[in-house]
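Since the structure comes first, as structure tokens, the remarks are kept for the end.
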């Protein structure tokens, strides 16, 4: 073969190789059977109707800012052909000072103005008892879910759903809700029954799958440990939770769970496009979330809801001068009294703490009692008086405390004597004998609880205030003790004192020898 012919053959081969065999285009994914765009909005643990000034100088939270977000998201969805599911994960009827007056009536009225699409009650919905719970839930103009909440006879509660499937653009969204199963030990639900949160939630999710749900959403009020247990089962696509008061987002490319802080400081929006395709004769769902935590400091309050809040605030101001009761004994809140010795007003406050929590003992610091006033026998006590004595918005925290820590706490409380100190303990449910001539830390000679000597190894329930529970005033022994509720979730101290004084009618609690100093 001549050189010219060889070159021609090589050129033909090169051209053939360059063209190569025909390559099939990649197969396109089949078009979805159904597809929808949903924005889930979550709020949880919202107690205060008004916004609050925060450490950075900006105002956050409150119903008017929440309403502005929900209304804007709903309007945007309508304009763009999407959908909004607004979820409320519970804890709202209590605690707040206004709720202490009207048992949460204003909270339901404000929530109705921006009605959730699904509401699961938290433990604080039961703070005023079963009857008030039913009354308030009856006033709600939004769907109520609580699959683990049952009447004494085991039947579902009227007006509550266990689960439901709603269809949006052909996609079947399964909704279920559960309440906090620890409510009987943290609130006052009467004879209502609480089934296990984790087991009930997972069972409801499985039923929703069997009933045809493409995407399962749980709205729950649960401890973080329970959230993770439910998450690990892979039965629930999206968990919207409350109770822990943190801004929390977790997504592992299969399941997601979210919590939105508290008091609407942040509100979380989750944008999801959900597509359903047929695969192997069954419906297969794909989705991917975009999380948008919204700092409510950046939001202009909704004017309609803001006006309603202002009306309630004015009513609250008028209610402050309403009498709660009278005192048959002198109540002395001057520093020289409450910071150095057993005081009648300290006994009253500690008794209120113990009565509301059913704790074994209550310990509060004299430095938290502030007005420096003497109420002579026969004085009228108003709500304003209580707030003047307890101005710090402290919450009551119930701890599980070994007897040795209680002794250490009392030693700390007496350590600054004979000088006045804010850490001086005012107590209920216990009696103390101490010798202040001994060195600090060795002054207590006897402690009795419930009429029996303190057992150093026994675990007692102790009601204290959140400041002390965090180690304030030297009460560091409380920091690591187990809590029945997170500190921010406890009842307001001032509220419970108001309720207690109103129940007494006439205060006869004097100085009773609870603390004997030698």
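The values are calculated or read from the model by the stated rules, or taken from the named source; none is laboratory data. Given the structure is predicted, the values throughout are model-derived calculations rather than measurements. As a convention, Cβ positions derive from the backbone with ideal geometry for all residues, glycine included, and neighbour counts pool all protein chains shown.
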Those residues that are closer than 28 Å to residue 127 by Cβ and modelled with pLDDT under 95, I need them from region 333-356; list them, please. 356
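Test residue 227 against the criterion of being modelled with pLDDT of 95 or more and closer than 30 Å to residue 128 by Cα, and give yes or no. Give the steps one after another, and end with the answer.
Values: modelled with pLDDT of 95 or more: yes; closer than 30 Å to residue 128 by Cα: yes.
Answer is yes for this residue.
Of all residues in region 451-460, which are touching a residue at least 12 places away in the same chain (Cβ under 8 Å), surrounded by 10 or more Cβ atoms within 10 Å (Cβ to Cβ) and in contact with a strand residue (DSSP E or B) (Cβ under 8 Å, 6 or more places away or on another chain)? Quick ask: steps written out before the conclusion?
Going residue by residue through region 451-460, those that are touching a residue at least 12 places away in the same chain (Cβ under 8 Å) are 454-460.
So of that shortlist, the ones also surrounded by 10 or more Cβ atoms within 10 Å (Cβ to Cβ) come out as 454-456, 458-460.
If the condition is that a residue be touching a residue at least 12 places away in the same chain (Cβ under 8 Å), surrounded by 10 or more Cβ atoms within 10 Å (Cβ to Cβ) and in contact with a strand residue (DSSP E or B) (Cβ under 8 Å, 6 or more places away or on another chain), then 454, 456, 458, 459, 460 are the ones that fit.
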Residues being part of a loop (DSSP other than H, G, I, E, B) and within 16 Å of the chain's Cα centre (by Cα) - total across region 117-154: 4
Please go through region 219-238 and pick out each residue that is in contact with a strand residue (DSSP E or B) (Cβ under 7 Å, 6 or more places away or on another chain) and under 20 Å from residue 124 (Cβ atoms). 219, 220, 221, 222, 227
Which count do you get for residues in region 380-401 that are farther than 17 Å from residue 318 by Cβ and either surrounded by 18 or more Cβ atoms within 10 Å (Cβ to Cβ) or in the same structural domain as residue 124 (by TED's automatic domain parsing) (or both)? 10
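Those residues that are outside any helix (DSSP H, G or I), in contact with a helix residue (DSSP H, G or I) (Cβ under 7 Å, 6 or more places away or on another chain) and at pLDDT 95 or above, I need them from region 362-386; list them, please. Break it down into steps so the answer makes sense when it comes.
Let us first name the residues in region 362-386 that are outside any helix (DSSP H, G or I), namely 362-365, 369-382.
If we keep only those that are in contact with a helix residue (DSSP H, G or I) (Cβ under 7 Å, 6 or more places away or on another chain) too, we end up with 362-365, 369-372, 381.
Of everything in region 362-386, those that are outside any helix (DSSP H, G or I), in contact with a helix residue (DSSP H, G or I) (Cβ under 7 Å, 6 or more places away or on another chain) and at pLDDT 95 or above turn out to be 362, 363, 364, 365, 369, 381.
Could we say that residue 220 is in contact with a helix residue (DSSP H, G or I) (Cβ under 7 Å, 6 or more places away or on another chain) and assigned by TED's automatic domain parsing to the domain that holds residue 86 here? Explain how you work it out, then say what you get.
On the way: in contact with a helix residue (DSSP H, G or I) (Cβ under 7 Å, 6 or more places away or on another chain): yes; assigned by TED's automatic domain parsing to the domain that holds residue 86: yes.
So residue 220 fits the description; yes.
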In region 462-512, anything part of a loop (DSSP other than H, G, I, E, B), over 23 Å from residue 90 (Cβ atoms) and either in contact with a strand residue (DSSP E or B) (Cβ under 7 Å, 6 or more places away or on another chain) or not assigned by TED's automatic domain parsing to the domain that holds residue 396 (or both) is listed as 481, 505
Flag for residue 391 being more than 19 Å from residue 477 (Cβ to Cβ) and over 27 Å from the mean Cα position of the chain (by Cα): no
Would you confirm whether any residue within region 315-327 is touching a strand residue (DSSP E or B) at 6+ places or on another chain (Cβ under 6 Å) and surrounded by 19 or more Cβ atoms within 10 Å (Cβ to Cβ)? yes
Hey, could you check region 217-253 for residues that are in contact (Cβ under 8 Å) with a residue 40 or more places away in the chain and part of a loop (DSSP other than H, G, I, E, B) and say which is nearest to residue 146 (Cα to Cα)? 222
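With out of contact with any helix residue (DSSP H, G or I) (no Cβ under 6 Å at 6 or more places or on another chain), at pLDDT 90 or above, outside any helix (DSSP H, G or I) and on the phi < 0 side of the Ramachandran plot as the only criterion, which of 85, 69 stands out?
85
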Can you tell me which condition residue 183 does not meet? The list is (1) more than 23 Å from residue 239 (Cβ to Cβ); (2) surrounded by 15 or more Cβ atoms within 10 Å (Cβ to Cβ), and all the others hold. (1)
Number of positions in region 276-308 that are buried (at least 17 other Cβ atoms within 10 Å of the Cβ), part of a helix (DSSP H, G or I) and in contact with a strand residue (DSSP E or B) (Cβ under 9 Å, 6 or more places away or on another chain): 1
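Any residue at all in region 444-456 that is at pLDDT 95 or above, outside any strand (DSSP E or B), more than 20 Å from residue 516 (Cα to Cα) and in contact with a helix residue (DSSP H, G or I) (Cβ under 8 Å, 6 or more places away or on another chain)? Steps first, answer last, please.
If we filter region 444-456 for residues that are at pLDDT 95 or above, which is where we start, we get 444-449, 452-456.
After this cut, where a residue has to be outside any strand (DSSP E or B) as well, the list is 454-456.
Among the residues that remain, those that are also more than 20 Å from residue 516 (Cα to Cα) are: 456.
Narrowing further to those that are in contact with a helix residue (DSSP H, G or I) (Cβ under 8 Å, 6 or more places away or on another chain): 456.
Yes, some residue in region 444-456 is at pLDDT 95 or above, outside any strand (DSSP E or B), more than 20 Å from residue 516 (Cα to Cα) and in contact with a helix residue (DSSP H, G or I) (Cβ under 8 Å, 6 or more places away or on another chain).
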Where the second residue is part of a loop (DSSP other than H, G, I, E, B) and the first is on the phi > 0 side of the Ramachandran plot and lies in region 135-162, which pairs have Cβ atoms under 9 Å and are six or more apart or on separate chains? 159/140
Top-ranked residue of region 387-436 - restricted to ones that are in a helix (DSSP H, G or I), touching a helix residue (DSSP H, G or I) at 6+ places or on another chain (Cβ under 6 Å) and modelled with pLDDT of 95 or more, ranked as nearest to residue 340 (Cα to Cα): 412
